[in-house]
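S.K.: Supplied in C-alpha coordinates, the structure appears directly below.
The values are calculated or read from the model by the stated rules, or taken from the named source; none is laboratory data. Worth saying up front: this structure is predicted, and the values here are computed from it rather than measured. Only protein heavy atoms, including side chains, enter the accessible area calculation; ligands, DNA and RNA are left aside. Shrake-Rupley method; radii C 1.70, N 1.55, O 1.52, S 1.80 Å.
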Amino acid sequence: ASTLGAAAQQSGRYFGTAIAAGRLGDATYTSIAGREFNMVTAENEMKPDALQPQRGRFNFSSGDQIYNWATQRGMKVRGHTLAWHAQQPDWMRNLGGSSLRQAMIEHINGVMAHYRGKLAAWDVVNEAFEENGSRRQSNLQSTGNDWIEVAFRTARAADPSVKLCYNDYNIENWSYGKTQGVYNLIRDFKSRGVPIDCVGLQTHFTGGSSLPGNFQQTLSSFAALGVDVTLTEVDVTNSSTSQYAGLTQACINVPRCIGITVWGVRDSDSWRASENPLLFDRSGNKKAAYTSVLNVL
Ligand code: XIL
(Lines give C-alpha, C1' and ligand atoms only; values in the text may rest on other atoms or scores of the structure.)
Protein backbone atom coordinates (compact mmCIF):
# COMPACT_ATOMS: atom_id res chain seq x y z
CA ALA A 1 0.00 0.00 0.00
CA SER A 2 1.18 3.52 -0.70
CA THR A 3 -0.49 5.46 2.11
CA LEU A 4 -0.44 5.05 5.90
CA GLY A 5 -4.19 4.49 6.08
CA ALA A 6 -4.26 1.86 3.35
CA ALA A 7 -1.23 0.09 4.79
CA ALA A 8 -2.77 -0.04 8.27
CA GLN A 9 -6.05 -1.24 6.77
CA GLN A 10 -4.28 -4.35 5.42
CA SER A 11 -4.20 -5.67 8.99
CA GLY A 12 -7.61 -4.24 9.93
CA ARG A 13 -6.10 -1.24 11.71
CA TYR A 14 -6.42 2.48 11.13
CA PHE A 15 -3.84 5.23 10.85
CA GLY A 16 -5.05 8.61 12.00
CA THR A 17 -4.04 12.18 12.60
CA ALA A 18 -5.09 15.09 14.74
CA ILE A 19 -6.80 17.79 12.67
CA ALA A 20 -7.12 21.47 13.56
CA ALA A 21 -10.20 23.24 12.17
CA GLY A 22 -8.17 26.41 11.62
CA ARG A 23 -5.96 24.63 9.09
CA LEU A 24 -8.72 23.19 6.90
CA GLY A 25 -8.26 26.11 4.48
CA ASP A 26 -4.62 25.10 3.87
CA ALA A 27 -4.56 23.05 0.65
CA THR A 28 -1.22 21.35 1.34
CA TYR A 29 -2.46 20.29 4.76
CA THR A 30 -5.80 18.96 3.58
CA SER A 31 -4.33 17.14 0.60
CA ILE A 32 -1.82 15.26 2.76
CA ALA A 33 -4.36 14.54 5.49
CA GLY A 34 -7.04 13.44 3.03
CA ARG A 35 -4.65 11.15 1.20
CA GLU A 36 -2.77 9.46 4.05
CA PHE A 37 -5.14 8.91 6.96
CA ASN A 38 -8.39 7.08 7.66
CA MET A 39 -9.06 8.25 11.23
CA VAL A 40 -9.26 11.79 12.61
CA THR A 41 -9.11 13.28 16.09
CA ALA A 42 -10.01 16.94 16.63
CA GLU A 43 -6.86 18.48 18.13
CA ASN A 44 -8.82 20.92 20.33
CA GLU A 45 -12.33 21.28 18.93
CA MET A 46 -14.10 18.58 20.93
CA LYS A 47 -12.62 19.50 24.31
CA PRO A 48 -14.84 20.85 27.09
CA ASP A 49 -13.85 24.53 26.63
CA ALA A 50 -14.63 24.30 22.92
CA LEU A 51 -17.95 22.50 23.21
CA GLN A 52 -19.53 24.16 26.26
CA PRO A 53 -17.99 27.64 26.55
CA GLN A 54 -20.88 28.81 28.71
CA ARG A 55 -22.79 26.57 31.04
CA GLY A 56 -25.70 24.94 29.24
CA ARG A 57 -24.75 26.50 25.90
CA PHE A 58 -23.09 23.98 23.67
CA ASN A 59 -21.25 25.05 20.53
CA PHE A 60 -20.53 22.24 18.09
CA SER A 61 -19.51 24.38 15.11
CA SER A 62 -15.76 23.64 15.04
CA GLY A 63 -16.17 20.06 16.15
CA ASP A 64 -18.72 19.50 13.41
CA GLN A 65 -16.46 21.16 10.85
CA ILE A 66 -13.83 18.52 11.54
CA TYR A 67 -16.39 15.72 11.76
CA ASN A 68 -17.88 16.70 8.39
CA TRP A 69 -14.51 17.14 6.71
CA ALA A 70 -13.43 13.67 7.85
CA THR A 71 -16.60 11.73 7.16
CA GLN A 72 -17.08 13.32 3.72
CA ARG A 73 -13.74 11.69 2.88
CA GLY A 74 -14.66 8.32 4.31
CA MET A 75 -12.56 8.78 7.43
CA LYS A 76 -13.70 7.85 10.92
CA VAL A 77 -13.53 10.13 13.94
CA ARG A 78 -12.36 9.64 17.53
CA GLY A 79 -13.90 11.98 20.10
CA HIS A 80 -11.39 13.76 22.37
CA THR A 81 -12.18 14.37 25.26
CA LEU A 82 -15.12 14.46 27.70
CA ALA A 83 -13.60 14.79 31.21
CA TRP A 84 -10.16 16.34 31.68
CA HIS A 85 -8.49 18.66 34.20
CA ALA A 86 -7.18 20.89 31.38
CA GLN A 87 -8.96 22.94 28.73
CA GLN A 88 -12.07 23.29 30.85
CA PRO A 89 -14.21 26.37 30.24
CA ASP A 90 -13.78 29.10 32.89
CA TRP A 91 -17.14 28.37 34.49
CA MET A 92 -16.17 24.72 34.98
CA ARG A 93 -12.67 25.37 36.31
CA ASN A 94 -14.13 27.17 39.28
CA LEU A 95 -16.40 24.30 40.25
CA GLY A 96 -15.69 21.37 42.55
CA GLY A 97 -17.45 18.77 44.63
CA SER A 98 -21.04 17.86 43.84
CA SER A 99 -21.67 20.83 41.54
CA LEU A 100 -18.76 19.77 39.30
CA ARG A 101 -19.97 16.17 39.45
CA GLN A 102 -23.32 17.33 38.09
CA ALA A 103 -21.67 19.57 35.49
CA MET A 104 -19.47 16.69 34.26
CA ILE A 105 -22.51 14.45 33.86
CA GLU A 106 -24.40 17.16 31.98
CA HIS A 107 -21.40 17.82 29.75
CA ILE A 108 -21.05 14.14 28.85
CA ASN A 109 -24.78 13.84 28.17
CA GLY A 110 -24.92 17.02 26.10
CA VAL A 111 -21.91 16.22 23.94
CA MET A 112 -22.68 12.55 23.47
CA ALA A 113 -26.29 13.25 22.51
CA HIS A 114 -25.01 15.45 19.68
CA TYR A 115 -22.57 12.83 18.36
CA ARG A 116 -24.64 9.76 19.20
CA GLY A 117 -23.97 6.90 16.76
CA LYS A 118 -21.43 8.92 14.78
CA LEU A 119 -18.03 8.35 16.36
CA ALA A 120 -15.67 5.38 16.51
CA ALA A 121 -14.57 6.07 20.08
CA TRP A 122 -14.55 8.66 22.84
CA ASP A 123 -11.66 9.45 25.13
CA VAL A 124 -14.07 9.63 28.05
CA VAL A 125 -11.43 10.51 30.63
CA ASN A 126 -8.02 12.03 29.88
CA GLU A 127 -4.92 12.19 32.09
CA ALA A 128 -6.38 11.35 35.50
CA PHE A 129 -3.18 9.99 37.07
CA GLU A 130 0.00 11.46 38.55
CA GLU A 131 3.39 10.13 37.47
CA ASN A 132 3.65 7.94 40.58
CA GLY A 133 0.39 6.17 39.81
CA SER A 134 -1.81 7.99 42.31
CA ARG A 135 -4.84 9.96 41.19
CA ARG A 136 -4.12 13.43 39.82
CA GLN A 137 -5.22 16.09 42.27
CA SER A 138 -7.69 18.06 40.15
CA ASN A 139 -11.07 19.65 40.54
CA LEU A 140 -12.54 16.46 39.09
CA GLN A 141 -10.83 14.36 41.76
CA SER A 142 -12.41 16.64 44.35
CA THR A 143 -15.79 15.31 43.29
CA GLY A 144 -14.93 11.89 44.75
CA ASN A 145 -12.66 8.99 43.83
CA ASP A 146 -15.44 7.37 41.79
CA TRP A 147 -15.64 10.22 39.25
CA ILE A 148 -13.93 8.19 36.51
CA GLU A 149 -16.41 5.36 36.96
CA VAL A 150 -19.30 7.82 36.91
CA ALA A 151 -17.98 9.33 33.67
CA PHE A 152 -17.81 5.93 31.96
CA ARG A 153 -21.23 4.80 33.18
CA THR A 154 -22.77 8.08 32.05
CA ALA A 155 -21.06 7.78 28.67
CA ARG A 156 -22.26 4.21 28.07
CA ALA A 157 -25.84 5.17 28.86
CA ALA A 158 -25.65 8.23 26.59
CA ASP A 159 -24.36 6.33 23.52
CA PRO A 160 -24.14 2.55 23.74
CA SER A 161 -22.67 2.35 20.21
CA VAL A 162 -19.37 4.14 20.74
CA LYS A 163 -16.18 2.63 22.18
CA LEU A 164 -15.23 4.20 25.50
CA CYS A 165 -11.53 4.81 26.15
CA TYR A 166 -9.32 5.94 29.00
CA ASN A 167 -6.43 8.05 27.57
CA ASP A 168 -3.12 9.14 29.15
CA TYR A 169 0.56 9.96 28.54
CA ASN A 170 3.64 8.35 30.09
CA ILE A 171 1.91 4.99 30.35
CA GLU A 172 4.11 3.39 27.70
CA ASN A 173 6.82 2.04 30.02
CA TRP A 174 5.52 -1.07 31.76
CA SER A 175 7.71 -0.55 34.85
CA TYR A 176 6.49 3.00 35.43
CA GLY A 177 4.25 3.91 38.37
CA LYS A 178 1.68 5.70 36.26
CA THR A 179 1.35 2.75 33.89
CA GLN A 180 0.61 0.51 36.85
CA GLY A 181 -1.89 2.99 38.25
CA VAL A 182 -3.85 3.03 35.00
CA TYR A 183 -3.54 -0.76 34.65
CA ASN A 184 -5.04 -1.25 38.10
CA LEU A 185 -7.93 1.07 37.24
CA ILE A 186 -8.74 -0.87 34.07
CA ARG A 187 -8.43 -4.20 35.85
CA ASP A 188 -10.77 -2.99 38.58
CA PHE A 189 -13.29 -1.71 36.01
CA LYS A 190 -13.27 -4.99 34.10
CA SER A 191 -13.66 -7.04 37.29
CA ARG A 192 -16.65 -4.98 38.45
CA GLY A 193 -18.35 -4.55 35.09
CA VAL A 194 -17.75 -0.82 34.77
CA PRO A 195 -18.05 -0.13 31.04
CA ILE A 196 -14.70 0.45 29.31
CA ASP A 197 -13.58 -0.69 25.86
CA CYS A 198 -10.16 0.74 25.20
CA VAL A 199 -7.01 2.35 26.54
CA GLY A 200 -5.33 5.15 24.61
CA LEU A 201 -1.59 5.58 25.05
CA GLN A 202 -0.76 9.09 23.94
CA THR A 203 2.82 8.08 22.99
CA HIS A 204 4.47 11.50 23.11
CA PHE A 205 8.09 10.32 23.00
CA THR A 206 10.96 12.60 23.92
CA GLY A 207 14.59 11.96 23.08
CA GLY A 208 16.52 8.75 22.64
CA SER A 209 16.34 6.13 19.96
CA SER A 210 14.80 3.20 21.81
CA LEU A 211 11.26 2.74 23.06
CA PRO A 212 10.33 3.17 26.73
CA GLY A 213 10.92 -0.10 28.59
CA ASN A 214 8.78 -3.03 27.53
CA PHE A 215 6.45 -0.96 25.37
CA GLN A 216 5.00 -4.01 23.66
CA GLN A 217 4.49 -5.72 27.01
CA THR A 218 2.47 -2.70 28.13
CA LEU A 219 0.24 -3.00 25.07
CA SER A 220 -0.26 -6.74 25.48
CA SER A 221 -0.83 -6.44 29.23
CA PHE A 222 -3.62 -3.90 28.78
CA ALA A 223 -5.06 -6.00 25.96
CA ALA A 224 -5.07 -9.07 28.19
CA LEU A 225 -7.53 -7.26 30.48
CA GLY A 226 -10.05 -7.40 27.62
CA VAL A 227 -9.74 -3.90 26.16
CA ASP A 228 -8.49 -2.62 22.83
CA VAL A 229 -5.36 -0.51 22.91
CA THR A 230 -4.55 2.36 20.59
CA LEU A 231 -1.73 4.88 20.20
CA THR A 232 -3.62 8.14 20.26
CA GLU A 233 -1.27 11.15 19.98
CA VAL A 234 2.04 9.92 18.60
CA ASP A 235 4.92 12.36 18.17
CA VAL A 236 8.63 11.69 18.62
CA THR A 237 11.47 14.18 19.17
CA ASN A 238 13.22 14.72 15.83
CA SER A 239 11.15 11.86 14.40
CA SER A 240 13.60 9.15 15.45
CA THR A 241 13.12 6.51 12.75
CA SER A 242 13.93 3.70 15.17
CA GLN A 243 11.32 4.89 17.66
CA TYR A 244 8.69 5.37 14.97
CA ALA A 245 9.41 1.93 13.50
CA GLY A 246 9.49 0.38 16.95
CA LEU A 247 6.20 1.79 18.17
CA THR A 248 4.55 0.74 14.91
CA GLN A 249 5.98 -2.78 15.17
CA ALA A 250 4.84 -3.08 18.78
CA CYS A 251 1.27 -2.23 17.75
CA ILE A 252 1.37 -4.64 14.82
CA ASN A 253 2.60 -7.39 17.14
CA VAL A 254 -0.39 -7.00 19.49
CA PRO A 255 -3.68 -8.15 17.93
CA ARG A 256 -5.79 -5.80 20.07
CA CYS A 257 -3.71 -2.76 19.15
CA ILE A 258 -6.28 -1.43 16.71
CA GLY A 259 -4.68 1.72 15.35
CA ILE A 260 -2.18 4.54 15.53
CA THR A 261 -2.86 8.30 15.44
CA VAL A 262 -0.10 10.88 14.99
CA TRP A 263 -0.67 14.26 16.67
CA GLY A 264 -0.67 16.42 13.56
CA VAL A 265 0.32 16.36 9.90
CA ARG A 266 3.48 18.44 9.25
CA ASP A 267 6.14 19.44 11.80
CA SER A 268 4.86 23.00 11.54
CA ASP A 269 1.39 21.84 12.62
CA SER A 270 2.67 20.22 15.83
CA TRP A 271 2.15 21.49 19.37
CA ARG A 272 5.84 20.49 19.71
CA ALA A 273 6.86 22.16 16.44
CA SER A 274 10.38 23.02 17.61
CA GLU A 275 11.08 19.29 18.02
CA ASN A 276 10.06 18.40 14.45
CA PRO A 277 8.27 15.29 15.72
CA LEU A 278 5.88 14.33 12.90
CA LEU A 279 5.97 12.37 9.63
CA PHE A 280 5.87 15.29 7.14
CA ASP A 281 8.24 18.25 7.02
CA ARG A 282 7.21 21.88 6.89
CA SER A 283 6.87 21.76 3.10
CA GLY A 284 4.69 18.67 3.28
CA ASN A 285 7.37 16.21 2.15
CA LYS A 286 7.49 12.71 3.60
CA LYS A 287 10.28 12.35 6.14
CA ALA A 288 12.46 9.29 6.74
CA ALA A 289 10.21 8.41 9.67
CA TYR A 290 7.25 8.20 7.28
CA THR A 291 8.99 5.47 5.31
CA SER A 292 10.04 3.66 8.47
CA VAL A 293 6.42 3.51 9.61
CA LEU A 294 5.02 2.54 6.20
CA ASN A 295 7.55 -0.29 5.89
CA VAL A 296 6.40 -1.84 9.17
CA LEU A 297 2.62 -1.53 8.60
C1 XIL B 1 -2.75 19.84 22.89
C2 XIL B 1 -2.95 20.51 21.55
O3 XIL B 1 -2.15 19.86 20.59
C4 XIL B 1 -2.58 21.97 21.62
O5 XIL B 1 -2.96 22.65 20.42
C6 XIL B 1 -3.30 22.64 22.81
O7 XIL B 1 -2.82 23.96 22.94
C8 XIL B 1 -3.05 21.87 24.09
O9 XIL B 1 -3.45 20.52 23.91
N10 XIL B 1 -2.49 15.58 25.65
C11 XIL B 1 -3.74 15.62 25.07
C12 XIL B 1 -4.00 16.57 23.95
O13 XIL B 1 -4.59 14.81 25.40
O14 XIL B 1 -5.33 17.03 23.96
C15 XIL B 1 -3.05 17.73 23.98
O16 XIL B 1 -3.27 18.52 22.82
C17 XIL B 1 -1.62 17.24 24.08
C18 XIL B 1 -1.40 16.46 25.34
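S.K.: Rounding to the nearest 10 and keeping the result within 0 to 90°, find how far the Cα-based axis of helix 147-158 lies from the longest principal axis of the chain.
M.R.: Roughly 80 degrees between the two axes.
S.K.: Starting from the amide H of GLU130, placed 1.01 Å from N in the peptide plane, find each other amide H under 5 Å away whose residue is 5 or more places distant or on another chain.
M.R.: ARG135, ARG136
S.K.: Taking only Cα atoms, what is the 0 to 90° angle, nearest 10, from helix 215-224's long axis to the longest principal axis of the chain?
M.R.: The angle comes out near 50 degrees.
S.K.: Now for a separate question. Can you give me the Rg/Rh ratio for the chain, using Cα atoms for both radii and the Kirkwood formula for Rh? Display every interim value, and only then the final one.
M.R.: Details: Rg = 18.1 Å, Rh = 19.1 Å.
In the chain, Rg relative to Rh is 0.95.
S.K.: Sticking with this one: Taking 2.2 N^0.38 Å as the expected size of a compact globular protein, what ratio does the Cα radius of gyration of the range 103-179 give against it, to two decimals? Please list the in-between numbers first.
M.R.: Values: Rg = 13.5 Å, N = 77, 2.2 N^0.38 = 11.5 Å.
Dividing the Cα Rg of the range 103-179 by 2.2 N^0.38 Å gives 1.18.
S.K.: Run through every distinct alpha carbon pair of the range 73-222 and return the Kirkwood hydrodynamic radius in angstroms, one decimal place. Walk me through the numbers before you get to the answer.
M.R.: Numbers: mean 1/r = 0.0623 Å⁻¹.
One over the average 1/r among Cα pairs gives 16.0 Å for the range 73-222.
S.K.: Which Rg and Dmax, in Å, describe the Cα atoms of the range 27-88?
M.R.: Cα-based Rg and Dmax for the range 27-88 come out at 12.8, 38 Å.
S.K.: Quick one: pull the percentage of alpha-carbon pairs in the range 62-110 with a separation above 16 Å. Before the final figure, lay out each step's value.
M.R.: Working: 601 of 1176 pairs.
Counting pairs separated by more than 16 Å, the tail of P(r) holds 51 percent.
S.K.: Could you name the lysines in cross-link range of LYS118, using Cα to Cα under 30 Å and dropping any fewer than eight places away on the same chain?
M.R.: Of all the lysines, those that pass the test against LYS118 - Cα under 30 Å, at least 8 places apart if same chain - are LYS47, LYS76, LYS163, LYS190.
S.K.: Hey, another quick one. Quick one: Debye curve from the C-alpha atoms of the range 44-134, no solvent, what's log10 I(q)/I(0) at q = 0.12, 0.21, 0.25 Å⁻¹?
M.R.: -0.38, -1.03, -1.34
S.K.: Against the globular-protein guess of 2.2 N^0.38 Å, express the Cα radius of gyration of the range 110-152 as a ratio, rounded to two decimals.
M.R.: Values: Rg = 12.8 Å, N = 43, 2.2 N^0.38 = 9.2 Å.
Taking the Cα Rg and dividing by 2.2 N^0.38 Å, one obtains 1.39.
S.K.: Once amide H atoms are built 1.01 Å from N in the peptide plane, which residues 5 or more positions from VAL77, or in another chain, come under 5 Å H to H?
M.R.: So VAL77 has HN proximity to VAL40, ALA120.
S.K.: Could you work out the Kirkwood radius for the range 173-297, taking every pair of different alpha carbons, averaging 1/r and inverting it, reported in Å? Display every interim value, and only then the final one.
M.R.: Working: mean 1/r = 0.0667 Å⁻¹.
Radius from the Kirkwood sum: 15.0 Å.
S.K.: Per q in 0.09 Å⁻¹, report the Debye log10 I(q)/I(0) for the range 1-157, using one uniform scatterer on each alpha carbon and no solvent.
M.R.: Summing over Cα pairs of the range 1-157 leads to -0.33.
S.K.: Further question on the same structure: Using θ = phi - 60° and the Karplus form 6.51 cos²θ - 1.76 cosθ + 1.60, what ³J(HN,Hα) does each residue of the range 253-259 get, whole Hz, x for Gly and Pro?
M.R.: Values per residue, Gly and Pro as x: 6, 10, x, 8, 7, 8, x Hz.
S.K.: Probe of 1.4 angstrom, ligands and nucleic acids ignored: what's the accessible area per residue over the chain, in square angstrom?
M.R.: Working: 10980 Å² over 297 residues.
Accessible surface, normalised per residue, equals 37 Å².
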